[in-house]
Amino acid sequence: MSVAEKVDFLIVGAGVAGLRAAVELAEYGQVLVVTKEALGESNTHYAQGGIAVAMSGEEDVSLHLDDTMNAGDGLVYRDAAEALVVEGPLRVEELIRWGAQFDREGGELMRTREGAHSLPRILHANGDATGAEISRSLLAHARQHPRITFADWTMVTELIVRDGRVIAADIFSRESVGGHRLRRVSARAVLLASGGAGQVYSDTTNPAVATGDGIAIAAQAGAELADMEFYQFHPTALSLPGVPRFLISEALRGEGAWLRNHRGERFMERYHPQLELAPRDVVARAITREGMGTVPGESFPVYLDMRHVQGLDLHQRFPGISRFLAEHGLDLHRDLIPVRPAAHYLMGGVRTDLSGRTSLTGLYAAGEVACTGVHGANRLASNSLLEGLVFGARAAQAILTDSLELESVEAVNIEAMDTRLTPPDANSIKAAILKLRSAMWQYAGLLRDEETLRAGIAAHEEIAAQLRDIAKPGQGSRSLFEAHALASVAQSILLSALARTESRGAHFRNDYPWRDDVNFQKHSIFSKSGQIAFEAW
Ligand code: SIN
C-alpha cells in the first residue's frame with residue numbers, strides 16, 4: 001500500500017485566522033496552508049473599515065465587551081466575547097511588531113467609530129484598506145518561516161474521518177498540465193480557516209472565493225454547525241445596475257454620513273435612537289423597508305449622503321472607495337451614493353469551543369468559518385479581523401496541546417490517493433449556482449417567514465438534485481465542488497431559519513417579529529441529518 005503525503009498541520013485558508021495560526025504552529029511542525037486562489041485573496045483582504053480593539057485601557061475593554069454583547073442581541077457567549085476583547089490588544093500589538101502599519105496622527109494610532117460602538121476604537125490602515133494591510137503583514141511574516149508551505153489555487157474537497165477522528169483531507173488543485181488533480185494529505189490536525197459563504201446569496205460584498213467550503217466539508221464529515229440562520233447583511237453596498245455590490249464601509253457613517261430615502265428624508269430617526277450608527281441589522285432592515293414600494297416588485301433607491309461633512313478630505317480618508325466610485329462617476333463630496341444591503345458576514349458556522357475545537361477530534365476551526373458564539377445574533381462592526389487574530393492563535397495553541405495526546409499520524413497508515421479529474425459541463429453548474437443564489441436572496445434574505453423559507457427549501461432540493469446529476473465518475477471541477485458547498489450551506493441556513501420561530505439580530509421573521517427569550521435564547525445546532533436542536537451556552 002502506498003502511503004498518503006503527510007504534514008503535521010493542515011490549514012485550510014490563508015486569511016487572518018489561518019495565517020495567525022500557521023505562524024504559531026510552524027514552531028512545532030510542518031504546516032501546509034491551502035488557499036483557493038492566489039495568496040491574499042480572502043475576505044480578510046477586502047475588509048475596509050478596520051479592526052476594533054480596546055487599546056485605551058480597562059474602561060475601553062469593558063465597554064468593548066458591552067458593545068459586543070449588546071450588538072449580539074442576547075445571544076453572545078460572554079466567555080468568547082471576553083476572550084476577544086481582553087486578548088485583542090495583545091494580538092494587535094504583536095501584529096504591529098510583525099510589521100502591520102495602522103494609520104497614525106502625530107505618532108498616535110488613529111481611532112474611528114462605527115455603528116454600535118460607544119467609543120472610537122477602530123484602527124485602520126491606508127484609510128479604507130485595513131484588511132489588505134493585515135493580510136500583507138501576516139503573509140510577509142509567515143513567508144519567513146521555513147516550515148510553512150503554501151499551496152495556492154487549491155481547495156480541500158473532503159475530510160477523511162476514521163474512528164471519529166479527522167486524519168486526512170482530499171485536496172483538489174488546478175494543474176498547469178494533465179488536468180485537475182485530487183490527492184490525499186494526512187495531518188495530525190486540520191484547521192478550517194476558510195472564511196464565510198457570502199456567495200450563497202445573489203447580493204454579497206464577499207469575493208468569489210467565499211463559497212462556504214469549510215462549513216460544507218465539516219458538516220459532511222459529521223461536525224456540528226451552529227447559528228446558521230444568522231447571516232449579517234451589510235446595510236450599505238453600492239447599488240448600481242450591473243455593478244458588483246462593492247462595500248461602502250460603515251466607517252463613512254462613523255465619519256458622519258446620513259441615510260436618505262428617495263424623498264430625500266433622513267429616515268433612521270424612525271427606527272433607532274442611534275440613527276445611522278444603530279446596530280447593523282437594524283440599519284439594514286430600515287434601508288430595505290425604505291426601499292420597498294407599495295406594490296410587489298416596486299422599489300426605490302436609498303442613498304448615503306456625505307455632502308454635509310466638512311473639514312475632512314473624503315478622498316484621502318477613503319481612497320479605495322473614492323477610486324471605485326469615481327470609476328462610476330460618483331464623488332463622496334458631491335453626490336448621493338445609492339446603497340442597499342448585501343450578505344456580508346456569517347455569525348454561524350462550524351461549532352467550536354473557545355479554542356477552536358469542533359465536535360470532531362482532529363478538526364479545528366477559527367475565524368468566520370467557526371461559530372464560538374462570540375457574535376451572537378449580530379456581529380459588532382469591525383470585530384471580525386480581531387476574531388481571526390484571537391481565535392486563530394487560540395486554535396493553534398489547542399492543536400499543539402491536543403496533538404501531544406493524539407495518536408501520532410505516523411502510526412496511522414493512510415492509503416494514498418492521487419488521481420486526475422476532468423471538468424464536467426461548466427454551464428449547467430453556473431446555472432445551478434445562479435438559481436440557488438437568487439432563491440436564497442428571495443426566500444432567506446433580510447425578511448423571512450415560513451412560506452418563503454419553505455419555498456427556499458423546495459428550490460434547494462431541486463437544485464441539489466440537479467447538481468448530483470451533473471458529474472459523471474472521474475469528473476470534478478472547482479465550480480462543481482463550490483456548487484455542492486453552497487447548496488450544503490444553503491440547506492443549513494434554510495432549516496435553521498425555519499426552526500427559529502422568533503426574530504433576533506440578523507434573523508428577522510415577518511411571521512414571528514418579536515424576540516422570544518423563553519424559548520430561543522439558545523444557539524441552533526445543525527447536524528448532518530438535517531436535524532436542528534437548540535442549546536444554551
Ligand atoms: C465595513 O467597513 O463596514 C465592514 C467592516 C466590518 O464588516 O466589520
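Using only the Cα atoms of the chain, each taken as one equal point scatterer with no solvent, compute I(q) by the Debye sum, divide by I(0), and report log10 of the ratio at q = 0.09, 0.10 Å⁻¹. Log10 I(q)/I(0), no solvent term: -0.61, -0.76. I need the calculated FRET efficiency for the pair Phe534 and Val3, taking r as the beta carbon distance and R₀ as 60 Å, to the nearest 0.05. So, using R0 = 60 Å, E works out to roughly 0.90. Segment Gln521..Asp418, full-extension length gain: 32.4 nm, with 0.36 nm per residue of separation and the alpha-carbon distance subtracted.
Taking every C-alpha pair closer than 8 Å and separated by at least 6 residues, the mean separation divided by the residue count of the chain gives a relative contact order of 22 percent.
Projecting the Cα atoms of Ala431, Ala237, Leu119 onto the dipole axis of the chain, where Lys and Arg carry +1 and Asp and Glu carry -1 at the beta carbon, places Ala431 farthest toward the positive end. Where nothing but the Cβ of Lys and Arg (+1) and of Asp and Glu (-1) is charged, how large is the charge dipole of the stretch 414-537 around its Cα centre, in debye to the nearest 20? Using Cβ point charges on Lys, Arg, Asp and Glu, the stretch 414-537 gives about 260 debye.
Fully extending the segment from Glu450 to Ser56 would add 137.3 nm, taking 0.36 nm per residue of separation and subtracting the current Cα-Cα distance. Relative to a virtual label point 7 Å from the Cα of Asp425 in the Cα→beta-carbon direction, which members of the stretch 461-500 show backbone nitrogen distances below 14 Å? Inside the label zone: 466-472.
In the full protein context, the stretch 431-481 carries 49 Å² of accessible surface per residue, based on a 1.4 Å probe and ignoring ligands, DNA and RNA. The magnitude of the dipole of the chain, with charges of +1 and -1 set on the Cβ of Lys/Arg and Asp/Glu and taken from the Cα centre, is near 1020 debye. Asp335: net charge of surrounding residues, Cβ under 11 Å, Lys/Arg +1, Asp/Glu -1, itself excluded? Combined, the nearby Lys, Arg, Asp and Glu give 0.
Accessible area of Trp537 (1.4 Å probe, protein heavy atoms only, ligands and nucleic acids ignored): about 80 Å². When the residues Arg91, Arg340, Arg253 are ordered by accessible surface, computed with a 1.4 Å probe over the protein chains alone, the sequence from largest down reads Arg340, Arg91, Arg253. Measure off, as a whole percent, the carbon and sulfur share of the 1.4 Å-probe accessible area of the stretch 32-108, all protein chains present. Roughly 44 percent, rounded to a whole number. Magnitude of the charge dipole for the stretch 247-332, about its Cα centre and with charges confined to Cβ atoms of Lys, Arg (+1) and Asp, Glu (-1), is about 120 debye. Per residue, the stretch 319-391 exposes an accessible area of 23 Å² to a 1.4 Å probe, with every protein chain left in place. Since only Ile51, Ala17, Thr68 are under comparison, the one whose Cα sits farthest along the positive direction of the charge dipole of the stretch 1-79, derived from C-beta charges on Lys, Arg, Asp and Glu, is Ala17. Which lysines have a Cα less than 27 Å from the Cα of Lys36, not counting those fewer than 8 places away in the same chain? Candidates past the 8-residue exclusion: Lys6, Lys430, Lys435, Lys472, Lys528.
Quick check: Cα centre of the stretch 292-353 to Cα centre of the stretch 119-154, how many Å? Rounded to whole Å, the Cα centres lie 25 Å apart. Between Asp469 and Trp514, take the C-beta separation as r, use R0 = 56 Å, and let me know the FRET efficiency to the nearest 0.05. Calculated transfer efficiency: 0.85. Label positions at Gln397 and Ala38, each projected 7 Å from the Cα along the C-beta direction, are separated by 3.6 nm. Over the stretch 268-343, what is the relative contact order in percent, taking alpha-carbon pairs closer than 8 angstrom and at least six residues apart? Averaging sequence separation for qualifying contacts and normalising by length gives 30 percent for the stretch 268-343.
Relative to the current alpha-carbon distance between Asn70 and Asp335, full extension at 0.36 nm per residue lengthens the span by 92.0 nm. The mean sequence distance of close C-alpha pairs (under 8 Å, at least 6 residues apart), as a share of the length of the stretch 1-109, puts its relative contact order at 18 percent. Restrict the search to the stretch 257-324; then list the GluC sites (Glu not before Pro) that DSSP places in a loop and that have at most 10 other Cβ atoms within 10 Å of their Cβ. When the GluC sites (Glu not before Pro) of the stretch 257-324 are filtered for loop state and at most 10 Cβ neighbours within 10 Å, Glu298 remain.
The values are calculated or read from the model by the stated rules, or taken from the named source; none is laboratory data. Model, not experiment: these values are computed from the prediction. Glycine gets a Cβ as well: all are built from the backbone with ideal geometry, and neighbour counts include every protein chain shown. Remember, those area values only see protein heavy atoms, side chains included, never the ligands or the DNA or RNA. Shrake-Rupley method; radii C 1.70, N 1.55, O 1.52, S 1.80 Å.
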